[in-house]
Amino acid sequence: MSSRKKVLLKVIILGDSGVGKTSLMNQYVNKKFSASYKATIGADFLTKEVLVDDRLVTMQIWDTAGQERFQSLGVAFYRGADCCVLVYDVNNQKSFETLDSWRDEFLIQASPRDADSFPFVVIGNKIDVGDNKRLVPQKRAMAFCQSKGNLPYFETSAKEAINVEQAFEVIARHALAQEEAEEYTGDFGSSTIVDIGADSGDDGCAC
Amino acid sequence: MVVTPLKDISDSVNSTLSTSAERTWKLVKGDGTGPGPSTQGEGSSGDTTDMAVPAPERTENTLPVPSEDVDAAAVAVAVAAGGSSHDTSATTTGDTTQEYTDPNTNIEAEPDDDGPPTPRPLQPPPQTISGAIESGSGAAEPIQITEDYFTRPPHLDLSGASTLKGTDPGTVGAGSCPVTPSLERLQSKPTTALSLSQVHANSGVVSSGVSVIVPYTESSSIRSLVPTIDSGDNDVAGMLGEILNEDNVAFTAGFGQAWALSKQMEEEEEALVEDSDEEWDESDNEEELSEDERIEKWRSRKKHFFILSSAGKPVYSRYGDETVVSQFMGVIQTIISFFQEGNDPLKSFTAGKHKFTILQEGHLYLVGVSSLGETDSQLRTQLDMLYTQVLSTLTFTTVSKVFSERENFDLRRLLGGTEVFLDGLSDAMVRGEPNILLGSLECVKMRKHVREKINNILLKCRTNNLLYGLVIADGRLVSVIRPKRHSLHPPDLQLFISMLFSASTFKGGGEHWTPICLPKFNAKGFLHAYICFFQPEIALVLISPTREAFFEMKEVKDNIIDQLDRAGSIPIIEGAVKRGRYLTSDLIDGTVIQHFLYKSKSNVQFTMPSFDPHFSSPHARRRLMVLYQRLHAAVHAKSAHLKVHHSIRRRSVSLAWVTPTFELYCVAGAGTPRNVLAKHANSIVGWIKREEERLFIVGGATF
């Protein structure tokens, strides 16, 4: 199987406006952080190659706009994803509370075959801001993840590049596992033999 | 969406990014709405200039019906009162074309035609339409009148348009349906909006037909203001009413400008095919290039083909590494998806010089991006070839199964190794191949009895497990045998021939046994092909429905080769391959015709002379193929009831002639008088008729 082409993994990043989705992606892919906020319009795409247990995979990261008005993109974006990353801002109570609805929205729109086992990863971003401003305690976030089927949880700072690499490594691993969940068995042959007696195409060429 | 490293092709896409510059988008929805030339306007003025600029692109000469591809379509409709919407090719933009159109034109009617008219079967009795627009100029200057009913000249324009019910799009644009104010059906409404809050901001734009130009602003993102056409059955009378009422004087007024423009466009167009060889370089030695250089090179390609899954995962791209491609695929998927609701899929759009044509086949999206001026339907045919190639490797059954089970499936796993065949096809389509353009096959010219002898040997040696037997030399058919109840479909055969001859996989002797799906025959399952190149460039192919028939087919092959050998047929085939194609000068001494394509419709086959001596170089050949592509587009525009299309350009004079039984496209040197060209075209047709059974496989051998 080593000769097989490297796998492409589609990863969707969801979360409220301004929680740092684009910054996380940029920090991970480009190792850059920009302090100025620029709302994502529609969606951004970045690609990164990573090694997961000696397997080279390509992550196609779909960064979505958090604003309500872009929600209509739904199905198009979510379709065929291998992993969904839910991001909130630890200093913003509301962004945490909406995680559940982001998750539901994804499951409805993407309708993965096995909703219960579909990999989500939760990220609490902006931990650099400081404990005194923090509004969502780690405990509460962990409890949420626990209740949703033991989702992996990371606290990151896209600004200071804390834990970003680690989070995406887990994302890649889960996405790969999802992608390979059901290997195509390749039952070419028996079912695909042509019965030439039954078929008659005569609209073609006369030669 | 941000596609950080991509530009140009993805420029369109990039325009949604946070760049503050305003851009203009032109999204074309619905089949065959040919976009005009450039659609990218600058700034807000783009709204109107876009329409105005491309308008006077055609200049006409002074024949009884001075019309030209698009106009011809209109005239034809006027007479026949048939046809509905116009799939105007918009490809000949910039030609200084003069052409004879439709049954009503008399080819001999040229005013400066000296000498008695030669009898030719080219046309039914002349019949004047609206008394011909007056030419009134010296013979030296054949270009007279600018008429393009479908792209409004600037001065004609917006007043009428603004009376349309839908204030947005609704008028007539380059290559789109003419719309009368009374056609309420064509009212447009926003169908998709990325940012609803902004939809109305630009709805005052008056633009053309089904093509919509939407100025981009940062907050607006991609939007479509595409009109919804409830019924394709447009009111022809209404359409024509508007067309015919247009004041011709108005059209002629823009003449000077049009001439300059068309000249400029022809030059631009020629520059297209005359760029450095490097741009056409089909090889992939990109290792030594830096990332930026690679992207630059990727962007500069004249033509791209992409296949992606409905999830936006890349399946195939002719050029570019995965990093470049996978982001781009995401963007493409997003654009396509915007239009999916409401059962009104996006079929094509234009961004800058590039036309994007999209073919959706279940969970596969095929996208062609070209700056070579093909029409939608020409590109779509090419995309269908690629799709057919994918199916021939995997079958329709497998493709639909894997995606219905898992939308996130990475189809490259299953295609692994067969990309060479997709590459071969893509390259052929970038170069331009007559067989794909004409949707037909080419045969090796040989005597009828020689071909019959080969057929009979194949028939004699066949066994019950043989479905089709073929001898193919140098990419051309020599002999075919098939069961009476099954025909062979040209796309299947084209694909097969492309696989055999474009990649080195099967060449170089040895025997091959491979499962293959012939999708037009049966997309659901595999047949099995025994392939043996028994001579360099000459292959014997035996196709069987039985998986276990390898040894049987091997025996059949041994018998066939043995008998061909004894009958002395092999040297004859070899000789035919070595000789190559005939020369036009072999047919008519000192002919003005440098090259031609002749398609026999009933046989679904075509014939052509050698590219030598006039089109031996790759450049000349490309230019020729672009010219053919345009001629083809002109006579195949959806409602172009066009029989003869005559085109005069700086470098060549050409003719396309379509009858119920054949299509002929021929090219002569610049300055050739058209009566001479027509005469020689007739001679060629006569010659082909005489040689028909040598040039084509007529009927074929069945069992």
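The values are calculated or read from the model by the stated rules, or taken from the named source; none is laboratory data. Being a predicted model, the structure only gives us computed values, none of them experimental. Cβ: placed from backbone, ideal geometry, glycine included. Neighbour counts: every protein chain shown. Each accessible area value is taken on the protein alone, full model and side chains, heavy atoms only, with ligands, DNA and RNA left out. Shrake-Rupley method; radii C 1.70, N 1.55, O 1.52, S 1.80 Å.
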> Would it be correct to say that B:L477 is of a type outside the set (S, T, Y), open to solvent by less than 10 Å² (accessible area, probe 1.4 Å), within 30 Å of B:R623 (Cβ to Cβ) and within 29 Å of the chain's Cα centre (by Cα)?
Replying inline: yes
> When you scan region B:555-577, how many residues do you find that are among the aliphatic types (A, V, I, L, M), over 20 Å from B:I531 (Cα atoms) and open to solvent by 30 Å² or more (accessible area, probe 1.4 Å)?
Replying inline: 2
>> Could you tell me how many of the residues in region B:384-429 are open to solvent by less than 10 Å² (accessible area, probe 1.4 Å), at the interface with another protein chain (Cβ under 8 Å from one of its Cβ atoms) and among the β-branched types (V, I, T)?
In response: 3
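Any idea which of B:L495, B:L527, B:L518 is buried (at least 23 other Cβ atoms within 10 Å of the Cβ), farther than 18 Å from B:L466 by Cβ and among the hydrophobic types (A, V, I, L, M, F, W, C)? Walk me through it before giving the result.
Working: B:L527 fails: farther than 18 Å from B:L466 by Cβ; B:L518 fails: farther than 18 Å from B:L466 by Cβ.
None of the other options fit; the residue is B:L495.
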> A:G130: within 30 Å of B:L518 (Cβ to Cβ), surrounded by fewer than 13 Cβ atoms within 10 Å (Cβ to Cβ) and modelled with pLDDT under 95, yes or no?
Replying inline: no
> With respect to the numbered conditions (1) of a type outside the set (K, R); (2) open to solvent by 10 Å² or more (accessible area, probe 1.4 Å); (3) outside any helix (DSSP H, G or I), which one is the sole condition not fulfilled by B:E552?
Replying inline: (3)
>> For the condition within 11 Å of chain A (Cβ to nearest Cβ), over 16 Å from B:L441 (Cα atoms) and at pLDDT 90 or above, what is the one hit in B:L527, B:L493?
In response: B:L527
> What's the number of the condition B:V331 fails, among (1) at pLDDT 80 or above; (2) in contact with an Asp or Glu (Cβ under 9 Å, 6 or more places away or on another chain); (3) not small (G, A, S)?
Replying inline: (2)
> Here are A:V129, A:V122: which of them is among the β-branched types (V, I, T), closer than 24 Å to A:L46 by Cα and in contact with a strand residue (DSSP E or B) (Cβ under 9 Å, 6 or more places away or on another chain)?
Replying inline: A:V122
> surrounded by fewer than 23 Cβ atoms within 10 Å (Cβ to Cβ), farther than 16 Å from B:Q382 by Cα and either polar (S, T, N, Q) or not assigned by the TED database to the domain that holds B:E374 (or both) - does that describe any residue in region B:317-329?
Replying inline: yes
> Hey, among B:R462, B:R482, which residue is closer than 15 Å to B:G699 by Cα and open to solvent by 10 Å² or more (accessible area, probe 1.4 Å)?
Replying inline: B:R482
>> Looking only at region A:25-45, filter to residues that are more than 7 Å from every other protein chain (Cβ to nearest Cβ) and among the aliphatic types (A, V, I, L, M); which one of those is least open to solvent (accessible area, probe 1.4 Å)?
In response: A:M25
>> I need every pair where a residue in region B:315-340 that is more than 8 Å from chain A (Cβ to nearest Cβ) and farther than 19 Å from B:V390 by Cα has its Cβ under 7 Å from the Cβ of a residue that is open to solvent by 10 Å² or more (accessible area, probe 1.4 Å) and modelled with pLDDT of 80 or more, sequence separation at least 6 or different chains.
In response: B:F339/B:P345
> Taking the condition open to solvent by less than 20 Å² (accessible area, probe 1.4 Å) and within 17 Å of A:V164 (Cβ to Cβ), does A:V11 pass?
Replying inline: yes
> For region A:14-73, how many residues are hydroxyl-bearing (S, T, Y), part of a helix (DSSP H, G or I) and modelled with pLDDT of 85 or more?
Replying inline: 3
> Only one of these conditions is not met by B:E374: (1) in a loop (DSSP other than H, G, I, E, B); (2) within 14 Å of chain A (Cβ to nearest Cβ). Which number is it?
Replying inline: (2)
>> Looking at B:Q340, B:Q378, B:Q360 in this structure, which one is open to solvent by 20 Å² or more (accessible area, probe 1.4 Å) and modelled with pLDDT of 90 or more?
In response: B:Q360
> Can you tell me which of B:I561, B:I593, B:I570 is within 30 Å of B:S647 (Cα to Cα), in contact (Cβ under 8 Å) with a residue 12 or more places away in the chain, more than 14 Å from every other protein chain (Cβ to nearest Cβ) and touching a strand residue (DSSP E or B) at 6+ places or on another chain (Cβ under 8 Å)?
Replying inline: B:I593
> So, of the residues in region B:578-599 that are outside any helix (DSSP H, G or I) and surrounded by fewer than 21 Cβ atoms within 10 Å (Cβ to Cβ), which turns out to be nearest to the chain's Cα centre (by Cα)?
Replying inline: B:R581
